[in-house]
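The values are calculated or read from the model by the stated rules, or taken from the named source; none is laboratory data. Here the structure is a predicted model, which is why all the values come from computation and not from measurement. Because the Cβ atoms are built from the backbone with ideal geometry, glycine has one as well, and the counts that use them run over all protein chains shown.
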């Protein structure tokens, strides 16, 4: 990937990485963070993950839902799920939970 200055990154809403041989989208990067929804009724639908019936082939650094449970960075059989809680300021914090 070509080098981009920090100043240029601060002005980008997203970067689209494509394969060179067929121009397929390989990745979309949001360098300045990502928020889903607003704190306004009607604009707070959250993030929907497809519900898989088995782990994806590659799970490294991947957040996914399988059989109604959210997993991060590991296959379903690793007993590794994501815990979600609110901090004192009302924000959401998430972390990996090992069972």
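A few notes on this one:
- The residues in segment 2-19 that are part of a loop (DSSP other than H, G, I, E, B) and either farther than 18 Å from residue 34 by Cβ or touching a strand residue (DSSP E or B) at 6+ places or on another chain (Cβ under 8 Å) (or both) can be counted, and the count is 6.
- All positions within segment 33-75 that are over 30 Å from residue 11 (Cβ atoms), out of contact with any helix residue (DSSP H, G or I) (no Cβ under 6 Å at 6 or more places or on another chain) and not in a loop (DSSP other than H, G, I, E, B): 51, 52, 64, 65, 69, 70, 71, 72
- Hey, residue 22 part of a loop (DSSP other than H, G, I, E, B), more than 23 Å from residue 66 (Cβ to Cβ) and not assigned by TED's automatic domain parsing to the domain that holds residue 67 or not: yes
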